[in-house]
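Engineer: The following block contains the structure, expressed as structure tokens.
The values are calculated or read from the model by the stated rules, or taken from the named source; none is laboratory data. As the structure is a computational prediction, the values presented were derived from the model and not from experiment. Backbone-built Cβ (ideal geometry, glycine too); neighbour counts: all protein chains shown. Calculation scope for accessible area: heavy atoms of the full protein, side chains included, ligands and nucleic acids excluded. Shrake-Rupley method; radii C 1.70, N 1.55, O 1.52, S 1.80 Å.
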Amino acid sequence: MSLPTIQNPFAPAQPTFEDEMCAMCPSMTYQQRLIGFCVCCGCGYALSFMGTLMLLSKDPWKKRVTNFAILYVFGNFIAIAATGFLIGPRRQCKKMFSKTRRFACIFWLLMLVVTFVLGISGVDVGWVLLALFIQICAGIWYSASYIPYGRRMIIKLFQGTCFAPCPQACDPVIKHA
């Protein structure tokens, strides 16, 4: 017969997954963080730009769109990671998945993955371009959540242009923006 073990309340708690992930990121000075941000952001946007240039190549259209989608999506993911240098990965994730932008962030990241998968799967070019358009719109909506009243400005823009004949069409969105 064995006796039950008693947990020591003064023993250090087991590290969580989040703590372990943050321990992998070394402490950096502000200058190192700024350099990491600039390099990561620059590489990400350079890849996205190179992807855009791939559309101008002389390859067959389907190959151009595939190369574009791959470079563009990888560039976006690298640019997203750049913010982790400035504010840290934990804080970045908390901001990305906060209550006000959780759905927009998940939808935008999902559309990045969908665009990538469609780009490499060889489906019709129209589907890739449609996914890209939706992904860009989702990225703009997500980014607007960081700007005070950014989403409301987008809604007002659409109410005054595209939905001018029927401005109440945006009313359900305004309640959640």
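Engineer: Yes or no: Cys43 modelled with pLDDT of 85 or more and on the phi < 0 side of the Ramachandran plot?
Structural biologist: Yes: the conditions hold for Cys43.
Engineer: Next question. With the structure loaded, tell me whether Ile106 is farther than 17 Å from Leu71 by Cα, surrounded by fewer than 15 Cβ atoms within 10 Å (Cβ to Cβ), free of Cβ contacts under 8 Å to residues at least 12 places away in the same chain and β-branched (Val, Ile, Thr) or whether it fails that test.
Structural biologist: In short, yes.
Engineer: Further question: Report yes if some residue within region 27-41 is within 22 Å of Trp127 (Cβ to Cβ) and open to solvent by less than 50 Å² (accessible area, probe 1.4 Å); otherwise report no.
Structural biologist: no
Engineer: Mind checking which helices (runs of 4 or more DSSP H) fall wholly inside region 18-130 and carry at least 2 residues that are aromatic (Phe, Trp, Tyr) and either farther than 23 Å from Tyr146 by Cβ or touching a Pro at 6+ places or on another chain (Cβ under 8 Å) (or both)?
Structural biologist: 61-87
Engineer: A further question follows. Taking the stated definitions as given, is Arg90 at negative phi, open to solvent by 70 Å² or more (accessible area, probe 1.4 Å) and basic (Lys, Arg)?
Structural biologist: yes
Engineer: Could you identify the single residue in Ile154, Ile134 that is farther than 20 Å from Lys63 by Cβ, out of contact with any strand residue (DSSP E or B) (no Cβ under 8 Å at 6 or more places or on another chain) and modelled with pLDDT under 90?
Structural biologist: Among Ile154, Ile134, only Ile154 is farther than 20 Å from Lys63 by Cβ, out of contact with any strand residue (DSSP E or B) (no Cβ under 8 Å at 6 or more places or on another chain) and modelled with pLDDT under 90.
Engineer: Tally up the residues in region 112-130 that are of a type in the set (S, T, N, Q) and open to solvent by less than 30 Å² (accessible area, probe 1.4 Å), please.
Structural biologist: The qualifying residues number 1.
Engineer: Taking Lys63 and the conditions (1) under 21 Å from Val123 (Cβ atoms); (2) open to solvent by less than 40 Å² (accessible area, probe 1.4 Å), which numbered condition does it fall short on, given that it satisfies the others?
Structural biologist: (2)
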